[in-house]
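Values in this text are rule-based calculations from the coordinates and carry no lab data. Computed from a predicted structure; not experimentally measured. Methodologically, a virtual Cβ is constructed for each residue, glycine included, from the backbone with ideal geometry; neighbour enumeration extends over all protein chains shown.
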């Protein structure tokens, strides 16, 4: 049996795409290898959002080149966003790559294998298929990703996603409901909905299909066996009243929201083309917390965007203080070729960006520590994922708010249990399984 090995870089969408790549390969009779050294097909599912991901990938590709020199029959495959961004030069710079494709062409890997390699090497710039419709090999038994849309219609000045994943395309809601029903029948209890901008879902289907993201949440909430629904990522400009209402009213939709802000400065937000102001974002947070008082809010923040001054950065720190995030993904601005921001003047020096990211992370950690400490003594519903990776005598899982919780107890993986929180750090909670309430 031929064997494959997939290496994944980047976001949750790429993780989901890799599950589809594995499912596709196994549907064609390949088995998964335990390591890249043992594989006949080396597949790299790539990201190009930040320069660091590019550097890591190139190091992996150099290792793959060495492996191919030792074994010329090894097949090197490069897919994903970086592959799309490099389509005009990839084979010139990396001639040992056998097949390359963009995010909309994952299915061509199956074509390549079935044709014995006798198809063109490069497949790019078509975005009319969904990896979510390919065979699936899930990495988790009780949790699953669900791709509801692909591509993005926004034009953020720093972002390369629209050029590598294309315009927004939504999957038909009926197909998504049927997929959720199949997953529930297979034991899945938690769904995470994926899209570059999930809360604009369905607009491209109208008027032929009368749907919306709020309607999709309500439809999935009604699927028997699906106990939890999460989603990422929404755009603040599209976070409308009907979505907030659906979050508050749907039992399965978790009290967790990832709401990227990127900057606390209205001036920088305008330069980023984010289409909202600081004041509009804060007003949105207020409306969300009014509707869902115990919501756990997380975000993305970029430090060092071109032209960011000390005053702009101070605005970001003060917004973090005002919101009090449970967690934040923080990034040093990384210029991406082909984006508007890469051509902007007033690029911020590395040492300034480095100082700012340290100060921002410290501020985020302060609020995360306080938010988690406030949960000590409460009882949280936890979906059990299995033994702790560092201590097999302790179980691990996540709360409805998305908090990692390690606890003592006897529950099986996949169970929903109540856990009393007894301790906390900025990153995790600890606790003990609560005794079940005796029947009257």
Let me know the volume per residue of the alpha-carbon convex hull for the stretch 220-309, in Å³.
93
With N set to the number of residues, divide the alpha-carbon radius of gyration of the stretch 320-432 by 2.2 N^0.38 Å and report two decimals.
1.43
Nearest 5 is fine: what % of DSSP beta bridges in the chain come out antiparallel, could you say?
35
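For the stretch 55-146, what does the convex hull of the Cα positions come to per residue, in cubic angstrom?
Working: hull volume 12.5 nm³, N = 92.
Roughly 136 Å³ of hull volume per residue.
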Of 268, 148, 113, the one that fluctuates the most in a GNM where the chain has Cα springs shorter than 10 Å
113
Candidates 296, 180, 373: whichever shows maximal mean-square fluctuation once the chain is modelled as a Gaussian network with Cα springs under 10 Å:
373
How long, wide and thick is the stretch 1-116, going by the Cα atoms along their three principal axes, in whole angstroms, largest first?
37, 31, 25
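Evaluated at 37 °C with a viscosity of 0.692 mPa s, what Stokes-Einstein diffusion coefficient in µm²/s does the stretch 167-265 have when Rh comes from the Kirkwood expression over alpha-carbon pairs?
Working: Rh = 13.9 Å.
Taking Rh from Cα pairs, D becomes 235 µm²/s.
Considering only DSSP beta bridges where both residues belong to the stretch 138-373, give the percentage that are antiparallel (nearest 5). Numbers along the way, then the final one.
Details: 2 of 23 bridges.
The antiparallel fraction comes to roughly 10 percent.
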Point-to-point label distance, residue 416-residue 270, nm (Cα→Cβ direction, 7 Å offset)
4.7
In whole Å, how far is the Cα centre of the stretch 45-111 from that of the stretch 201-277?
33
Taking the alpha carbon gyration tensor of the chain, what are the square roots of 5 times its eigenvalues, largest first, to the nearest whole Å?
34, 29, 23
Here the Kirkwood hydrodynamic radius of the stretch 217-366, Cα-based and in Å, equals 16.5
Ranked from fewest to most other Cβ atoms within 10 Å of their own Cβ, 320, 261 fall in the order 320, 261
The chain: most fluctuating residue of 47, 250, 11 per GNM, C-alpha cutoff 10 Å:
11
What distance in nm separates the two pseudo spin-label positions at residue 279 and residue 209, each 7 Å out from Cα along the beta-carbon direction?
3.9
In 5 Å bins starting at 0, how do the alpha-carbon pair distances of the stretch 379-433 split up by percent?
5, 24, 40, 25, 6, 0
If each DSSP helix of 4+ residues adds -39,500 (n - 2.57) and the sum is divided by the residues in the chain, what number results at 222 nm, nearest 500 deg cm²/dmol?
-10500 deg cm²/dmol
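Given N residues in the stretch 268-323, what is its alpha carbon radius of gyration divided by 2.2 N^0.38 Å?
Values: Rg = 12.4 Å, N = 56, 2.2 N^0.38 = 10.2 Å.
So the stretch 268-323 has a normalised radius of gyration of 1.22.
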Below 8 Å, C-alpha to C-alpha, sequence gap of six or more: please give me the relative contact order for the chain in percent.
10
